[in-house]
Amino acid sequence: MSFLSDLDSPEYGPAIVLKNWRAGIIQAFPDNMQPHVIRRYKQVTKQSGYVQANHWLRKLKETVVDRLLKCGDFRLTHDDQALRDWADVQAERISKARNKDDFLIAADLCERLCEFYGFCLPVDPDHPKTKNSDILAMVLKLETPGWWRRKMRTRRNQSIDQAARLLGLIHANGQCYLSHEALGLRLKQKTRNRALLESLQAVNQHGYTALLSELADVSVSKPAIRKAEMMTRLRGFEEVADSLGHVAEFCTLTCPSKYHARSSKKGLNPKYRGYTPKQANDYLVEVWTGIRKELNEAGIRIYGFRTVEPHQDGCPHWHMLMYMQPEHRDIVKTICHKHARKVDGTEAGARKRRCVFKQIDKRKGTATGYIAKYISKGIDGEHVGVDHYGHDAKTSAARITEWAGVWCIRQFQQIGGAPVSVWRELRRVSAEQMAEWEHLIGKALPAVLHRARELADWGEWAKYTMLQGGPIIPRALRPLKVWRMNTPALRWQEGYNPHTQEAGPFRLGQYGDLLEVIKGVKAGIDGLLTRFFHWEVKPVHSKAFDFEEANASPWTRVNNCPEPQVSPPEAEKIRQEVTQQSVSEMVDFIEEWEEAHGKPWHFVTPEEKADLRFSPRHSEPWDDTKTLESLFQLQETSWNTPPPPDLPPPDGLFFDNGEYGYV
């Protein structure tokens with residue numbers, strides 16, 4: 001290679017000795033990284049001499065090529081088709097083990113494969129509360145190639161981005177926040193996700209059809225809608241604080257120097273220890289956990305919002321807008337400073353930068369306006385102009401969003417306050433639908449439900465928060481909660497688990513687990529139905545499509561449909577028919593339940609749920625109890641049989657060289 005000839009100069013050591021050795025190491029890197037490796041090698045040679053540069057080059061190769069860009073025996077530089085083939089091999093291997101032997105042996109294989117590739121199991125098989133049904137669901141999940149593809153794609157994106165960070169490519173004047181290659185992989189992934197949504201349609205029980213992409217565009221997964229909702233909640237919290245006489249503090253938490261790949265002024269940071277943005281964010285989570293624990297022990301409650309933003313090198317820092325009682329201000333500051341400087345608290349700049357508080361001065365602006373800039377920078381960059389490093393805010397917002405997606409970092413989080421899930425459910429229901437529901441169940445709902453629905457419909461977050469008991473009481477004490485229930489099995493096949501040969505009254509998912517869905521909002525024993533439609537996802541066209549091809553971008557369960565092009569009288573007639581039929585189906589289910597159990601309808605507790613057994617509700621031939629028992633041959637006792645000791649590995653797991661994995 002022509003650029004390797006630049007290293008033949010005497011200042012880089014004797015070429016006759018080092019040329020081939022150096023070329024072999026540099027060529028082990030991916031082609032797009034080799035020019036950057038040579039550039040950094042020249043810089044290290046100029047600063048410390050060629051001997052130290054050679055040591056640096058060897059260590060870099062061990063870190064990046066041998067460890068970072070390799071997951072088990074799979075090279076993360078392979079193309080996506082190779083990744084799909086690898087995932088198919090792992091899924092088939094587990095499927096064969098389960099079909100050939102007991103599922104516990106397949107679970108042992110799952111554990112060893114995940115340990116080999118560095119993945120976390122969905123459940124801990126050794127946990128005392130883990131049941132055999134949980135282990136079986138885990139095995140069935142790992143039998144699907146999509147699970148392995150998602151895990152390996154996440155690992156690939158993170159490893160490629162971290163390799164660029166170790167080479168010093170991610171900084172304000174280069175690839176800001178996120179490497180170009182990781183950004184490209186994320187954008188391709190989103191393109192696949194969008195194509196998947198546009199190829200699927202949701203059909204409800206009344207025949208109404210809408211593309212999943214259309215439903216996604218009217219949900220909170222759309223940036224504009226998510227931003228508008230967050231601004232409403234922020235403004236509501238400020239109104240609550242003003243009414244209660246609480247004060248606002250703006251706090252910024254930053255990681256120690258060893259988490260930063262670059263310093264703000266000196267370029268590469270010599271204290272950097274190779275931490276990833278995910279590890280840095282986990283450190284901040286631990287700091288915040290310690291802060292909240294000590295505040296709770298002191299009887300201090302705070303509320304507000306938290307947002308995460310990356311530095312130029314991708315290392316995250318937190319911005320928090322916190323409301324509190326005036327007498328708690330000093331102790332909150334003391335506790336935050338204490339936990340923020342627990343690690344390397346004596347290093348230079350720790351006291352000044354690790355935890356920074358700014359008191360909100362209303363003469364200069366509102367608390368909501370203060371944090372609104374950071375919310376916008378992390379969503380769409382609107383009305384910001386340029387970011388901290390002089391880049392266009394809209395372009396930076398796109399990179400920040402994908403940075404959070406690559407490293408699985410939650411950008412925004414509410415601190416305290418009333419739950420937003422109840423708020424969103426209440427906004428689904430109109431006053432007419434609520435009245436019809438009361439008519440069908442034969443009684444009036446509590447006044448708190450009526451008032452909460454009105455406030456949610458009007459966008460009054462402050463009044464809704466106070467109706468829910470205020471901003472600082474525990475969630476368990478709030479009057480309104482989300483109504484969740486397991487989906488009833490309308491046919492015995494829906495509640496039948498072929499892997500365990502058991503049947504139950506609730507519909508089972510793909511992996512034999514119970515499907516729990518949100519049905520509405522409940523106040524004590526009274527419930528308000530907010531979801532009137534049952535949706536089934538189908539392909540738009542008859543041609544085959546790989547449903548697991550796209551990695552899971554934020555998936556929507558929104559039920560909002562585009563407004564049909566009909567006249568207002570026709571629309572009102574359709575709405576009444578749809579609501580009447582949907583609510584009637586729910587009432588029929590309640591009546592059937594009461595008839596089958598001989599007692600009034602109530603919310604099923606977890607203890608009662610475990611004791612339920614399938615109760616036929618139709619006059620079909622298979623409703624006969626003896627027929628069911630002969631068909632299912634329930635084997636409940638066999639599930640509690642402990643596995644034999646020292647289970648041998650399944651055939652085909654190990655290769656001749658003693659290793660196992662993908663070839």
Charges at C-beta only: +1 for Lys and Arg, -1 for Asp and Glu. How large is the resulting dipole of region 80-143 about its Cα centre, in Debye rounded to 20?
160
Taking H as built 1.01 Å from N, whose amide H comes closer than 5 Å to the amide H of Tyr303, not counting residues under 5 places away?
Tyr323
Near-label residues of region 291-317 by backbone N, under 20 Å of a point 7 Å along Cα→Cβ of His383:
305-308
Note the full-extension length gain between His78 and Lys373 as 0.36 nm times their separation in residues minus their Cα-Cα distance, in nm to one decimal.
102.2 nm
If you add up the charges near Pro30, with Lys and Arg at +1 and Asp and Glu at -1, over every other residue whose beta carbon is less than 13 angstrom from its beta carbon, what do you get?
+1
Residue list for region 203-221, given a label point 7 angstrom along the Cα-to-Cβ vector of Arg194 and an amide N cut-off under 13 Å
213-214, 217
What residues from region 325-360 fall in the zone where the backbone N is under 13 Å from a label point 7 Å along the Cα-to-C-beta line of Ala298?
325-340
Kindly write out, for region 516-522 in residue order, the coupling ³J(HN,Hα) from the Karplus curve 6.51 cos²θ - 1.76 cosθ + 1.60 (θ = phi - 60°), rounded to whole Hz, with x marking Gly and Pro.
9, 10, 7, 10, x, 10, 10
Accessible area of region 196-291 belonging to carbon and sulfur atoms, whole % at 1.4 Å probe:
54
Determine ³J(HN,Hα), in whole Hz, for all residues of region 163-175 in sequence, where each value follows from phi through the Karplus function 6.51 cos²θ - 1.76 cosθ + 1.60 and θ = phi - 60°; x replaces Gly and Pro.
4, 5, 5, 5, 7, x, 8, 9, 7, 4, 8, x, 9
Which net charge results when you count Lys and Arg as +1 and Asp and Glu as -1 among the other residues whose beta-carbon is under 12 Å from that of Glu111?
-3
Local electrostatic count, Gln359, Cβ distance below 11 Å [Lys/Arg +1, Asp/Glu -1]:
+3
Which ³J(HN,Hα) values, rounded to whole Hz and listed in residue order, are derived for region 65-71 from phi using the Karplus coefficients 6.51, -1.76 and 1.60 in 6.51 cos²θ - 1.76 cosθ + 1.60 with θ = phi - 60°, glycine and proline given as x?
6, 7, 10, 5, 8, 9, 10
Ordering of 324-333, 91-100, 519-528 by packing [mean C-beta count within 10 Å, highest first]:
519-528, 91-100, 324-333
Extreme residue, positive dipole direction of region 223-415, given options Ala372, His339, His246 (C-beta unit charges)
His339
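Could you state the accessible area per residue of region 1-83 in Å², with a 1.4 Å probe and every protein chain left in place? Walk me through the numbers on the way to the answer.
Details: 4570 Å² over 83 residues.
I get 55 Å² per residue for this part.
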Hey, rough spin-label estimate for Thr63 and Glu438, points 7 angstrom out along Cα→Cβ, what's it come to in nanometres?
6.6
I need to check one value: relative contact order of region 223-415, counting alpha carbon pairs closer than 8 Å and at least 6 residues apart, in percent.
28
Answer check: region 80-143, Cα atoms, Kirkwood Rh, Rg/Rh ratio of 0.99
If the viscosity is 1.002 mPa s and the temperature 20 °C, what Stokes-Einstein diffusion coefficient in µm²/s follows for region 223-415 when Rh is the Kirkwood radius over Cα pairs?
123
Taking amide hydrogens as modeled 1.01 Å from N in the peptide plane, which residues meet the under 5 Å criterion relative to Leu480, leaving out close sequence neighbours?
none
Counting only residues 5 or more apart in sequence or on a different chain, those whose built amide H sits under 5 Å from that of Ala489 are Phe506, Arg507
How large is the accessible surface per residue of region 185-331, computed with a 1.4 Å probe and reported in Å² as a whole number?
42
Gain upon complete extension [Trp56, Asp330; 0.36 nm per residue less C-alpha separation]
93.9 nm
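The values are calculated or read from the model by the stated rules, or taken from the named source; none is laboratory data. A quick note: this is a predicted structure, and the numbers were derived from the prediction, not measured. Quick reminder, even Gly has a Cβ in these numbers, built from the backbone with ideal geometry, and neighbours come from all protein chains shown. Only protein heavy atoms, including side chains, enter the accessible area calculation; ligands, DNA and RNA are left aside. Shrake-Rupley method; radii C 1.70, N 1.55, O 1.52, S 1.80 Å.
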